[in-house]
Amino acid sequence: MGVFSTILGLCGFGVGISAGLVIGYFLFIYFQPCDVKDPEIRPLVEQDTDSLQRMLPEIPPWVKSPDYDRIDWLNKFILLMWPYLDKAICKTAKNIATPIIAEQIPKYKIDSVEFETLTLGSLPPTFHGMKVYVTDEKELIMEPCIKWAGNPNVTIAVKAFGLKATVQVVDLQVFAAPRITLKPLVPTFPCFAKIYVSLMEKPHVDFGLKLLGGDLMSIPGLYRFVQELIRDQVANMYLWPKSLEVPILDPAKAYRRPVGILHVKVVRAMKLKKKDLLGASDPYVKLKLTEDKLPSKKTTVKHKNLNPEWNEEYNFVVKDPQSQALEMVLYDWEQVGKHDKMGMNVVPLKELTPEEPKVMTLELLKNMDLNDVQNEKSRGQIVVDLTYKPFKEEDIPKGFEESQEVPKAPENTPPGGGVLVVIIHEAQEVEGKHHTNPYARVLFRGEERKTKHVKKNRDPRWEEEFSFTLEEPPIRDRLHVEVCSSSSRIGLLHPKETLGYVDINLSDVISNKRINEKYHLIDSKNGKIQIELQWRTSS
């Protein structure tokens, strides 16, 4: 029986295997989906942007989108500068982190947290492209695409309860798409007052943490938890429209608002030296405030006089009495050739007491180098009467930030309504077929306003303001602005022609309170017009 059973079992196993293979092959052949189509093969140039991004996620943005510019020069610059940038960035990071750590560690009963090593490694970040936005505001907006797969060495030592633990950050990778806004732009180096940094999407951050020789990120679930936590925390703080604000300059100081008036009276000069071979000298004085780009002011010329009297008065606008000074240079006038310098002197404004006149008799020097022995030579004297009059607080002109605020509407404005202000600044490259004497027509809700005519000018500047008092916000209204030209000659042939027009939706003005942009004129080859719109309310 045992042998017979074994033979039957082997036969059954063989038959079962054979039958299973035949049935499986039948099911595989006859039950395949019949709706599968052959793949469609197309050249890359025919693919749309979304398809390219799915197929080739690692290609730089400047290949996929014409809005991004290639900036290989910046990557080369950073590569050469990276050893120095590494040290500077690490030093700045330590200086910022040290007081924050010292403030936080007592809450967690930690004795100390110190950086044992801090270096960003030898691999700099790479800019894969940059998009730059052009606006008519005083700002510069950039959106770089940054990828950094670095080899930093960051080792932090934590001491608590008599024990010491060392944590090391390794294999750091950061992929980010920030928006960097430099504003307001100011005429003082580095030419912007603040930096605003926002993230246009959640950043990708990948790194390893080594503790006691092991990688903490290898613990199941911890890697994904830490990565999502960092992405969410960073996004909550800096994801657009939120931003990190980094102050660089005080806008008020950058724009150097006028704070007072310096009244200067040039009284006389005495004991001047002869400069002319056949006579005396023909002296005059040039006056200028330092750190001011305005041209110098000059007195009249006193011919053939070594002790001239002027008694001439001048006013200068003062922007910083602590650093500015009045510079006085005496010249000998020449009818032909260069005027000879007779001497000079400087009066720092901080030496003047506000509102108190001060008569000063100053020695004329060759230059302001106190170590120059030639200044010991007598060149004469000059007498001036100086008075510094600071502005009162209510008289000081508004600074940049204040001037950007939209004024309130008058008190008689209807409740719930406001005043729509239209400021026609200028137009560019407008040209008519028969004449170019441009003016602008503003049409809104049946009302028409016109600017002045500018004769024979392709780039007219009007700077005219029009107001419309409304009972409710014009959310769904449109403003029609048309640039026209009228003939300056009397006649019926081509008396008027249109140079271009633009229709502006006012919904953005209501939400933003103020818009100042350049618009391309419709039906014009290259014409543009700059229009500022404000929505003023009483609240």
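Within segment 92-135, the set of residues being open to solvent by 60 Å² or more (accessible area, probe 1.4 Å), among the hydroxyl-bearing types (S, T, Y) and part of a loop (DSSP other than H, G, I, E, B) comprises just one member, S122.
Among residues of segment 456-483 being buried (at least 16 other Cβ atoms within 10 Å of the Cβ) and either over 17 Å from I504 (Cβ atoms) or in contact with a helix residue (DSSP H, G or I) (Cβ under 9 Å, 6 or more places away or on another chain) (or both), the one that is modelled with the highest pLDDT is L479.
The rows are residues; the columns are (1) open to solvent by 40 Å² or more (accessible area, probe 1.4 Å); (2) over 22 Å from K304 (Cα atoms); (3) more than 39 Å from the chain's Cα centre (by Cα).
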position: Q322; (1), (2), (3): yes, yes, no
position: E327; (1), (2), (3): yes, yes, no
position: D340; (1), (2), (3): yes, no, yes
position: G343; (1), (2), (3): no, no, yes
position: V347; (1), (2), (3): no, yes, no
position: L365; (1), (2), (3): no, no, yes
position: L370; (1), (2), (3): yes, yes, yes
position: I382; (1), (2), (3): no, no, yes
position: F391; (1), (2), (3): yes, yes, no
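The combined condition, being among the small types (G, A, S) and closer than 26 Å to G527 by Cα, is fulfilled by G432.
Considering only residues that are of a type in the set (D, E) and either in contact (Cβ under 8 Å) with a residue 24 or more places away in the chain or open to solvent by less than 40 Å² (accessible area, probe 1.4 Å) (or both), which ones fall in segment 69-91? Hits for segment 69-91 are D69, D86. Could you say whether any residue in segment 275-283 is closer than 15 Å to K389 by Cβ, open to solvent by 60 Å² or more (accessible area, probe 1.4 Å) and part of a loop (DSSP other than H, G, I, E, B)? Within segment 275-283, none of the residues are closer than 15 Å to K389 by Cβ, open to solvent by 60 Å² or more (accessible area, probe 1.4 Å) and part of a loop (DSSP other than H, G, I, E, B).
Return yes when V45 is at pLDDT 65 or above, loosely packed, with under 10 Cβ neighbours inside 10 Å and not in a loop (DSSP other than H, G, I, E, B) and no when it is not. The answer is yes for V45. State whether the residues of segment 333-344 include one that is more than 18 Å from G260 (Cβ to Cβ), aromatic (F, W, Y) and not in a loop (DSSP other than H, G, I, E, B). No, that holds for no residue.
Of all residues in segment 318-375, those satisfying the criterion of being among the small types (G, A, S) and closer than 21 Å to L289 by Cβ are S323, A325, G343. From the list K518, K496, K528, the lone residue that is more than 17 Å from L420 (Cβ to Cβ), touching a Cys at 6+ places or on another chain (Cβ under 8 Å) and open to solvent by 30 Å² or more (accessible area, probe 1.4 Å) is K496.
For segment 237-249, state whether one or more residues are in a helix (DSSP H, G or I), of a type outside the set (V, I, T) and modelled with pLDDT under 70. No, that holds for no residue. Looking across L521, L499, one residue alone is touching a Pro at 6+ places or on another chain (Cβ under 7 Å), over 16 Å from D477 (Cα atoms) and touching a residue at least 40 places away in the same chain (Cβ under 8 Å). It is L499.
Based on this model, can you work out whether D50 counts as at pLDDT 85 or above and in a helix (DSSP H, G or I)? Spelling it out, it is not the case that D50 is at pLDDT 85 or above and in a helix (DSSP H, G or I). Being among the hydrophobic types (A, V, I, L, M, F, W, C), at negative phi and at pLDDT 85 or above is not true of V336. Of everything listed in (1) in a strand (DSSP E or B); (2) open to solvent by 40 Å² or more (accessible area, probe 1.4 Å), the single unmet condition for N151 is (1). The single residue among K273, K319, K293, K298 that is at pLDDT 85 or above and out of contact with any Cys (no Cβ under 7 Å at 6 or more places or on another chain) turns out to be K298.
The values are calculated or read from the model by the stated rules, or taken from the named source; none is laboratory data. None of these values were measured; they are calculated from a predicted model. Backbone-built Cβ (ideal geometry, glycine too); neighbour counts: all protein chains shown. In case anyone asks, the SASA skips ligands and DNA or RNA and just uses the protein heavy atoms, side chains included. Shrake-Rupley method; radii C 1.70, N 1.55, O 1.52, S 1.80 Å.
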